[in-house]
1. Go through region 379-402 residue by residue and tally those that are away from the ligand (no atom under 16 Å from the Cβ), within 17 Å of ALA432 (Cα to Cα) and surrounded by fewer than 21 Cβ atoms within 10 Å (Cβ to Cβ).
2. Between a residue in region 372-384 that is among the acidic types (Asp, Glu) and any residue that is more than 7 Å from the ligand (Cβ to nearest atom) and assigned to a loop (DSSP other than H, G, I, E, B), which pairs come within a Cβ distance under 7 Å, given they are 6 or more apart or on different chains?
3. Would you mention how many residues in region 373-397 are of a type in the set (D, E, K, R) and under 15 Å from ARG314 (Cβ atoms)?
4. Name every residue in region 274-314 that is under 21 Å from the mean Cα position of the chain (by Cα) and among the hydrophobic types (A, V, I, L, M, F, W, C), in order of residue number.
5. For region 312-356, enumerate the residues that are among the aliphatic types (A, V, I, L, M) and within 13 Å of the ligand (Cβ to nearest atom).
Amino acid sequence: MTRTIDTRTVMVVLSVLTMVGCSGASVGSSGPSVTFAPVPTASSATAGTGAGSGSAPMPAIAATTTTPATPTPATPATPAPGTASATTPTSDGGTATTSPGGTPDPTSVAPVVAAPGPTPTAVIVDFAKVDLPVGISSRPGDERMFVATQDGTVVPVAPDGTVGAPVLDVTALTDDDGERGLLGLAFHPTDPLAYIDYTAADTGNTHIEEFTVAADGTFDAASRRAVLEIEQPYANHNGGQLAFGPDGDLYIGMGDGGAGGDPQRRALDAADLLGKILRIDPRATGDQPYTVPADNPFVGVSGAKPEIWSVGLRNPFRFSFDPATNDLWIADVGQNAWEEIDVAWAADGGGRGANFGWSAFEGNHRYNDEQPTTAAIPPIHEYAHGDAGCSISGGARYRGNVIPSLQGWYVYADYCSGQVRALQIVDRAAGAEVLLGTPGAVSSVSVGPDGELYVTSVGNNAIGKIVAA
Ligand SMILES: [Ca+2]
C-alpha cells in the first residue's frame, strides 16, 4: 500500500491518502489518452539527428555527447550511459565516483568533495506573507515578483515585500488538494502573454492556458485560451513547472501520472506525455493552439509525441535554467528511497532526447527491473530518505550579486525535512553541501526578478529571501 502513496502526499494532507488509494484502485491499466488538439507535422524536421526509431515501449534516445563547449583538463566526462560506474576528476584534484545505476549499495553515492574556496555563509530571512505559495515568476520589465498560489491566484510582490492584490484568480477552476492546484506560471519573454499550469477541479487533468497581460501586470480574464490539456490518471505526480528556455520555447514538467512505481510504465514511453519534460511554442498560430519546434527530438518519429523534450522523469515539480550557462537543472521527486537532482547540460543538447532514468532507476538505483537501462543519465546528486527529507523541491544555481560565497552553488529544498540546502558544483560533479535554514514545507527555491534566490513555503505561508549571513 505504501508504494501507491507519494511521499509528498503523505506530508501534505492525510485525507488525500484515501483519494490516492481510491483512484489507484479505480483506474485500469490502459494508458491515458491525450486530449490536446492536433499539432502540425514538421515534415522537414531533422529527426534523424537523434530521434531514433521510437519503437515502443522504449524509444531510442539521443545519446548525450561528451563534448563540452569549452573543455578543460578539469572537466569530467559525462559518465557513459549504461556503464557500471565512472570516476571523474574534480577541480581540486580529487575524484568523485558516480554510479549511473544498477547499484543498490548506498555507499555508491557520490562522496562529499573537499572543495576549495569559502563555504557560503547565507541565511533565509522573512520576505513576504503569501498563503500557499508554490512558485515565483518574473515578468520582463517588471521589478515585482509574481507568486503562484496553490489555491489558484497570482499575486505580485514588490521589492520591499509588499504584497499586492491578485492579478489573476482561477480559484474556481482548480482545487488545492494534495499535489493538485495551480502549480506553474511563466511569462512570455517577448510577448504580453502569461501561461499557467493547473489541475482542473472537476477532472484533475493538467491544463495549460494563456492570458494576455496588461501593462500594469493585470491578467485579462476574458483572454483565457486553452493551450494544452493532459489527462491525469491519478491524483499525484502532476509536475507543474513552466519555464521559458533560452530558446524562447516553453518547457513543461509533467509527472508520471501518479499512484506509485510508474504502474503503467509511462515515464520511458515516448507515446505518452507523462513522466517527461515537454517543449512547445505555446502561442497560437492560425487554428493551432500551439506549435512544436521542428527540432524537438521526436518530431517525425512514428508513435511518439512530438512535444517531448526529455524522458524518464517521475515528478519534475520544479526545474530551472541556469542563466549563466543555459543548463537545465531538474529536481525529480523520488519514490520511497532516493531524491535526485538531474542536469541537462546545454553543451550536450540541453536535454534534447535525454533519458533521466525513471522508472528503470530511482536515483542511481535499479527500480523496475524490466524497464530498459539504455542511455539513462544518472543524477548529479541524490540523497536517501531520512533526516535529509523525502521529497525534493528544486532549485536554482545562485547567480546573484550579493552573496559571493554562494556563487554557482545549487540551492534546493526538501519538502519533508523543511531544509534548504546549498550544493557546491565543481565542474560537472556535486561537492560540499551546506544547510542554509529550515523554513518548513518548502515548495520551491526560485530566482527573483533581482537575480537573488527566494524560498516559497506552503508550511509557513511565507516567502523567504536568501541573504548573506
Ligand atoms: Ca532519474
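1. So the count comes out to 1.
2. Between residues of region 372-384 that are among the acidic types (Asp, Glu) and residues that are more than 7 Å from the ligand (Cβ to nearest atom) and assigned to a loop (DSSP other than H, G, I, E, B), the close pairs are GLU382/VAL109; GLU382/ASN364.
3. Selection size over region 373-397: 1.
4. LEU274, ILE277, LEU278, ILE280, VAL292, PHE298, ILE308, TRP309, VAL311, LEU313 - these are the residues of region 274-314 that are under 21 Å from the mean Cα position of the chain (by Cα) and among the hydrophobic types (A, V, I, L, M, F, W, C).
5. Initially, region 312-356 is screened for residues among the aliphatic types (A, V, I, L, M), giving 313, 324, 328, 330-331, 333, 337, 341, 343-344, 346-347, 354.
Scanning region 312-356 gives LEU313, ILE330, ALA331, VAL333, ALA337, ILE341, VAL343, ALA344, ALA354.
We did not get these values from a lab; they are worked out from the coordinates using the rules stated. Small disclaimer: the values here were computed from a predicted structure and weren't measured. Every residue, glycine as well, gets a Cβ built from its backbone with ideal geometry; the counts of neighbours run over all protein chains shown.
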